[in-house]
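Written below as structure tokens is the structure these notes are about.
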Amino acid sequence: MATKTAEGAGTGTGAGTEARKDDETTAAVDARDGRAGQENAEEQVPDAAQEEASAEAASGEHGEDGEDGDATEAAGGKASSGVGQGAGAVVSAALGLVSLSGGWIGTVASAREQLVGQLQTSSTASVARQIKEVYGDAWHTTALWAGLFALAALVTGVVVLVRPAFGAPGRPQAPWIGSVAWAGVSLGVIGLLLAVLKYSDALLGLPSAG
């Protein structure tokens, strides 16, 4: 009887020991799993932070590229506008000079009109008629072409001067462009005035036949 009791006690003690070992093993496994999960979480946090920093850097680069592109486009538009206005001012001044000299077109037109007058005027015509047909019409043709050049110079110069008022704000016109444009306008006015006076025979009219 005593032997059975001792065996039962030994069996109970062995079972308790095994149960305790199982509990300790389970606790150790759980602790190891917890440490592994914590390490994984710690590893994922820097990765997320790094990805966020990379995204912000990429966004900043795109923003800078966009600003640089806008600035480049604005500079290109400003440069092209300044080149066009400068070219217009130079053309206006050149046309004004041509209006004062007549130009080769005016010279050719005058010579052609003189030839036509000679062909259409008979030798028996009066001296006054011969002077008008041969010289008067040729001079009038020269004055007409000079007036056309002067008018073109005047219009071109005025367009260049008023162009900044219709352009983008904050883009002042270069001083030299305004100066050249004003020179073209002045030459155009002078050339147009001289052309009108010559065409109407108020200036350097035809000599009298008598």
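For Leu97, the stated conditions hold: it is in contact with a Leu (Cβ under 9 Å, 6 or more places away or on another chain) and open to solvent by 70 Å² or more (accessible area, probe 1.4 Å). Scanning segment 115-129 for residues that are open to solvent by 60 Å² or more (accessible area, probe 1.4 Å) and assigned to a helix (DSSP H, G or I) returns Leu115, Gln118, Leu119, Gln120, Val127, Arg129. Please specify each residue of segment 174-206 satisfying the condition of being among the small types (Gly, Ala, Ser), open to solvent by 70 Å² or more (accessible area, probe 1.4 Å) and within 18 Å of Gly157 (Cα to Cα). Answer for segment 174-206, where residues must be among the small types (Gly, Ala, Ser), open to solvent by 70 Å² or more (accessible area, probe 1.4 Å) and within 18 Å of Gly157 (Cα to Cα): just Ser179. On the given criteria, is Val196 at pLDDT 90 or above and within 14 Å of Ser92 (Cα to Cα)? In short, no.
Note on segment 130-163: residues that are farther than 30 Å from Asp201 by Cα and free of Cβ contacts under 8 Å to residues at least 40 places away in the same chain total 2. Applying the set (1) under 37 Å from the mean Cα position of the chain (by Cα); (2) more than 25 Å from Leu192 (Cβ to Cβ); (3) open to solvent by 80 Å² or more (accessible area, probe 1.4 Å); (4) hydrophobic (A, V, I, L, M, F, W, C) to Leu151 leaves exactly one unmet item: (2). Would you check if Phe166 is out of contact with any helix residue (DSSP H, G or I) (no Cβ under 9 Å at 6 or more places or on another chain) and either under 29 Å from Ala109 (Cα atoms) or not small (Gly, Ala, Ser) (or both)? So Phe166 fits the description; yes.
The condition of being farther than 24 Å from Gly82 by Cα, buried (at least 18 other Cβ atoms within 10 Å of the Cβ) and not aromatic (Phe, Trp, Tyr) holds for Thr141.
Restricting attention to segment 118-152, the residues that are at pLDDT 85 or above and of a type outside the set (A, V, I, L, M) total 7.
The values are calculated or read from the model by the stated rules, or taken from the named source; none is laboratory data. For clarity, every value in this text was computed on a predicted model and none was experimentally measured. We place every Cβ from the backbone using ideal geometry, glycine too, and count neighbours over all the protein chains shown. Side chains included, ligands, DNA and RNA excluded: accessible areas come from the protein's heavy atoms. Shrake-Rupley method; radii C 1.70, N 1.55, O 1.52, S 1.80 Å.
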